[in-house]
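Since every read-out is calculated from the coordinates, none of them should be taken as a lab result. Just so we're clear, the structure is a prediction, and the values are computed from it rather than from any experiment. Here the Cβ is made from the backbone with ideal geometry for all residues, glycine too, and neighbour counts use every protein chain on show.
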Amino acid sequence: MSPIAVVVLVVAALVVVVLIAAIATNNRVVRVKNQVEESWRQVDVELVRRHDLIPNLVAVVKGYAAHEQTVLEAVAAARAQAERPSASVDEQGADEARLTGEVVRLLALREAYPDLKADQQFLALQHQLSESEDRIAAVRRFYNGNVRALNNLVDSFPSGWFAKRAGVGRAEYFLTDEADVRAAPIINPRL
């Protein structure tokens with residue numbers, strides 16, 4: 001084999017290896033971007049589930065504490081805001097934090113109303129809300145893990161180059177204020 005043929009074969013092999021690496025890198029960027037989108041849909045499902053529980057909780061509390069209208073209205077307003085589509089993950093996080101704060105205020109009413117504290121429907125709704133909060137925390141962790149993977153790809157070379165060409169940018173983490181995490185309702189149905 002002539003030296004020119006060897007050089008051509010080596011160059012062709014290098015081109016094929018680079019092309020395969022480029023395709024694999026591009027496909028990985030697309031796959032991780034799709035995982036971020038899918039995991040956000042899972043977060044949204046759990047948020048909707050929580051949003052759907054809140055009117056029932058408000059209705060039960062209203063039966064015992066109808067004169068606590070400001071708290072009930074604040075919960076309804078925060079829920080309505082959280083249900084609206086947000087422009088960004090950060091805005092959704094802020095809306096959810098506000099809703100969490102209002103739900104904490106609503107649940108605090110149980111201390112002032114002993115009959116409410118013993119109501120079986122209220123206790124069941126508290127339990128469901130607690131489970132919902134746990135599911136939201138789990139899908140938030142899953143989503144944020146996918147965001148981290150995507151952001152690592154976007155910030156790394158050569159995957160960042162491919163991401164930029166495909167119009168894929170950094171994703172936002174779904175965060176909650178640290179104070180909101182500490183104030184999240186700790187629900188004990190036996191109270």
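A few notes on this one:
- Net charge of neighbours whose Cβ lies under 15 Å from the Cβ of ILE23, counting Lys and Arg as +1 and Asp and Glu as -1: +3
- Taking N as the residue count of the chain, its C-alpha radius of gyration divided by 2.2 N^0.38 Å amounts to 1.54.
- Packing here is the average count of other Cβ atoms within 10 Å per residue, and on that basis the peptides 123-135, 98-110, highest first, run 98-110, 123-135.
- What the phi angles of the range 30-47 give under the Karplus curve with 6.51, -1.76 and 1.60, with θ = phi - 60°, is a coupling list of 5, 4, 5, 4, 5, 5, 5, 5, 5, 5, 5, 4, 5, 4, 4, 4, 5, 5 Hz, glycine and proline written as x.
- Aspartates and glutamates with Cα under 20 Å of LYS164, excluding same-chain neighbours fewer than 8 positions away: GLU37, ASP155, GLU172
- With the highest mean first, a sort of the peptides 69-78, 53-62 on other beta-carbon atoms found within 10 angstrom per residue produces 53-62, 69-78.
- Here the spin labels are modelled as points 7 Å beyond Cα on the Cα-Cβ line, and at ALA13 and ALA76 they lie 7.5 nm apart.
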